[in-house]
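A.B. asks: Just dropping this structure here.
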Amino acid sequence: MKNMKFEKELSNSNIGAAGMHDRYITIPKTQVVPEEFFGNPPKQITVKDDCMNLEYTLPYKKEANGEYRLTRIGDYFDTMQANVGDKIVFEKHNNGSISIKLMRSNSNAIGNFIYDVCSSGLKYKNQLIYRFIASLLTKPFVILTGLSGSGKTKLAQAFVQWICEDESQYRIIPVGADWTNREPLLGYPNALKPEEYVKPDSGVLDLIIQANNQPELPHFLILDEMNLSHVERYFADFLSVMESKEEIPLYAEGTVDNGVPSKLKVPSNLFIIGTVNIDETTNMFSPKVLDRANTIEFRVTQDEMKNFLSNIRDITMDALTGKGAGMAKSFLEMAASKDFATTDIAEINAALVQFFGELKKTGAEFGYRSATEILRLINQLSVLDNTLTKNQKIDVAIIQKLLPKLHGSRRKLCPVLETLGSFCIAGDVKIIKDVFENADFDFNGANVLYPLSLEKITRMYRGAIDNGFASFAEA
């Protein structure tokens, strides 16, 4: 028996035009024996795309010229927005079921990453993955916050394993509550032996030195539970050089001779990802930290938990290792781009100015740096996913760059949240009665402009009412 798996590169005739239901796939007899794989035609074959939760029943037949074909597969290509050069992969499993999977060409590598993540047993919304990667490309410092156990560290780990050639390109470092200075990350000069510099056991210093020596490869530092200690105590040097682009001084030049430079450059191919949990053991971030990052919140909905419980799978992270390494060069080229959003720029600017005016009332307004990074974020989102609408991109910018600094008492915050909420919805709506106090409100309704932001603002408003205080970060 031949392999129980085959693939087919899609051509113009496979893709065709949307609505053409006679499109078909010819089964390559050089890869499988059609009768062993699908059985004897004619019959109907059920195929499933497990990652995308799609199922299709396709006619299977043998043509007069001896070709074996699966027909009416066009709906799958339309749903997946398949392109010429993509590959469709069929696999027959031990239980007899047949799965299909669309492998994107290099022009859409993120589509491959989404599939590979799903295949590893992890489940994330596509939009969350696009937001995460676009944020890394915009600025190499991303904070992942939200519910404990919701997959923050796993997403970061999945991406770095996928795009790195080997483990030397990344470190996953658990932050300690006793970190009161930079030594756990950068080490220190040996006071007893001035000619020596003591490297940290974490390996972070070696990672940064290697990143400087290998500028063609991305390197990643994942700081797990980043806020167990005050970030400003151990991370101040990094926060400073992110903007100044200067070097971090490690020791007086000429006093040490063990391979450690006297000044350390934090290169553009080093990406830092911090994960954050909020409870009584952690510390809040200052505006200085939040200003320099994109903050992405992880939530788990009731439907997502239901789907998870009905389809629990083992997670195989090793399956991701190096699968996207061929995209490392393109990733760094995209990260080097400083292009701003240009499409719909008047509407984007108007929305930002509108939010600026209201945020200013609580001292949470944003500066020129944040405004610049928002326009770059929107541009990167446009490059990664051209199906996103103007409002969807503005929504991502609001929730990642504008709302994270919001915090305060009920008296201070509620009037501002009321106005911000009204910016997120169109029509004649009483924002408190119809949205904030309505437990059944549909945040994906047709009149909602910015659903992610409106849902977050609503949660913050309810928290302020119930507790007398609210902040973006929550347990």
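The values are calculated or read from the model by the stated rules, or taken from the named source; none is laboratory data. Remember, it's a predicted structure, so these values are computed and weren't measured experimentally. Here the Cβ is made from the backbone with ideal geometry for all residues, glycine too, and neighbour counts use every protein chain on show.
A.B. asks: Name the residues in region 134-172 that are of a type in the set (Val, Ile, Thr), surrounded by 21 or more Cβ atoms within 10 Å (Cβ to Cβ) and closer than 22 Å to Asn283 by Cβ, would you? Talk me through it step by step, then tell me what you get.
C.D. replies: As a first pass, look at region 134-172 and keep what is of a type in the set (Val, Ile, Thr): 138, 142-143, 145, 153, 160, 163, 172.
Pick out the ones that are also surrounded by 21 or more Cβ atoms within 10 Å (Cβ to Cβ) and you get 138, 142-143, 145, 160, 163.
Across region 134-172, the qualifying residues are Val142, Ile143, Thr145.
A.B. asks: Now for a separate question. Mind listing whichever residues of region 46-69 are within 35 Å of the chain's Cα centre (by Cα) and assigned to a strand (DSSP E or B)? Working first, answer last.
C.D. replies: Within region 46-69, the subset within 35 Å of the chain's Cα centre (by Cα) is 46-58.
If the condition is that a residue be within 35 Å of the chain's Cα centre (by Cα) and assigned to a strand (DSSP E or B), then Thr46, Val47, Lys48, Asp49, Leu54, Glu55, Tyr56, Thr57, Leu58 are the ones that fit.
A.B. asks: Name the residue that is modelled with the highest pLDDT, counting only residues in region 150-180 that are in contact with a strand residue (DSSP E or B) (Cβ under 6 Å, 6 or more places away or on another chain) and charged (D, E, K, R).
C.D. replies: Arg171
A.B. asks: On to the next question. Test Leu420 against the criterion of being modelled with pLDDT of 95 or more, farther than 22 Å from Val276 by Cα and assigned to a helix (DSSP H, G or I), and give yes or no.
C.D. replies: Yes.
A.B. asks: Would a scan of region 52-66 turn up a residue that is in contact with a Pro (Cβ under 6 Å, 6 or more places away or on another chain), outside the structural domain of Lys123 (by TED's automatic domain parsing) and either closer than 25 Å to Val117 by Cβ or surrounded by fewer than 16 Cβ atoms within 10 Å (Cβ to Cβ) (or both)?
C.D. replies: Yes: one or more hits.
A.B. asks: Quick one: would you say Leu377 is at pLDDT 95 or above, touching a strand residue (DSSP E or B) at 6+ places or on another chain (Cβ under 9 Å) and either within 18 Å of Asp291 (Cβ to Cβ) or not assigned by TED's automatic domain parsing to the domain that holds Leu449 (or both)? Before the answer, list the steps.
C.D. replies: Working: at pLDDT 95 or above: yes; touching a strand residue (DSSP E or B) at 6+ places or on another chain (Cβ under 9 Å): yes; either within 18 Å of Asp291 (Cβ to Cβ) or not assigned by TED's automatic domain parsing to the domain that holds Leu449 (or both): yes.
Against the criterion (at pLDDT 95 or above, touching a strand residue (DSSP E or B) at 6+ places or on another chain (Cβ under 9 Å) and either within 18 Å of Asp291 (Cβ to Cβ) or not assigned by TED's automatic domain parsing to the domain that holds Leu449 (or both)), Leu377 qualifies.
A.B. asks: When you scan region 310-321, how many residues do you find that are exposed (fewer than 14 other Cβ atoms within 10 Å of the Cβ) and within 14 Å of Val160 (Cα to Cα)?
C.D. replies: 1
A.B. asks: For region 299-313, name all the residues that are touching a Gly at 6+ places or on another chain (Cβ under 7 Å) and within 26 Å of Ile399 (Cα to Cα). Lay out the reasoning, then the answer.
C.D. replies: If we filter region 299-313 for residues that are touching a Gly at 6+ places or on another chain (Cβ under 7 Å), which is where we start, we get 299, 313.
Hit for region 299-313 is Arg299, nothing else.
A.B. asks: Answer with yes or no whether Asp303 is part of a helix (DSSP H, G or I) and charged (D, E, K, R).
C.D. replies: Yes, satisfied.
A.B. asks: Among the numbered criteria (1) outside any helix (DSSP H, G or I); (2) surrounded by fewer than 13 Cβ atoms within 10 Å (Cβ to Cβ); (3) touching a residue at least 40 places away in the same chain (Cβ under 8 Å), which one does Thr342 miss?
C.D. replies: Every listed condition holds for Thr342 apart from (3).
A.B. asks: Does Leu122 satisfy the condition of being farther than 19 Å from Ala211 by Cβ, under 20 Å from the mean Cα position of the chain (by Cα) and at pLDDT below 95?
C.D. replies: Against the criterion (farther than 19 Å from Ala211 by Cβ, under 20 Å from the mean Cα position of the chain (by Cα) and at pLDDT below 95), Leu122 qualifies.
A.B. asks: So is Thr458 polar (S, T, N, Q), over 30 Å from Met80 (Cα atoms), over 25 Å from the mean Cα position of the chain (by Cα) and not assigned by TED's automatic domain parsing to the domain that holds Thr145 or not?
C.D. replies: Against the criterion (polar (S, T, N, Q), over 30 Å from Met80 (Cα atoms), over 25 Å from the mean Cα position of the chain (by Cα) and not assigned by TED's automatic domain parsing to the domain that holds Thr145), Thr458 does not qualify.
A.B. asks: If you scan region 119-170, which residues turn out to be over 23 Å from Gln392 (Cα atoms), free of Cβ contacts under 8 Å to residues at least 40 places away in the same chain and either in a helix (DSSP H, G or I) or in the same structural domain as Ile374 (by TED's automatic domain parsing) (or both)?
C.D. replies: Correct list: Glu167 only.
A.B. asks: Same structure again: So how many residues does region 200-224 have that are without any contact (Cβ under 8 Å) to a residue 12 or more places away in the chain and either touching a helix residue (DSSP H, G or I) at 6+ places or on another chain (Cβ under 9 Å) or in a strand (DSSP E or B) (or both)? Reasoning before the result, please.
C.D. replies: As a first pass, look at region 200-224 and keep what is without any contact (Cβ under 8 Å) to a residue 12 or more places away in the chain: 201, 206, 213.
When the remaining residues are screened for being either touching a helix residue (DSSP H, G or I) at 6+ places or on another chain (Cβ under 9 Å) or in a strand (DSSP E or B) (or both), the result is 201, 206.
Going through region 200-224 one residue at a time, the tally reaches 2.
A.B. asks: Give the residues of region 237-282 that are under 20 Å from Asn181 (Cα atoms), surrounded by 11 or more Cβ atoms within 10 Å (Cβ to Cβ) and modelled with pLDDT under 85, sorted by residue number.
C.D. replies: Listed by number, the list holds a single entry, Thr282.
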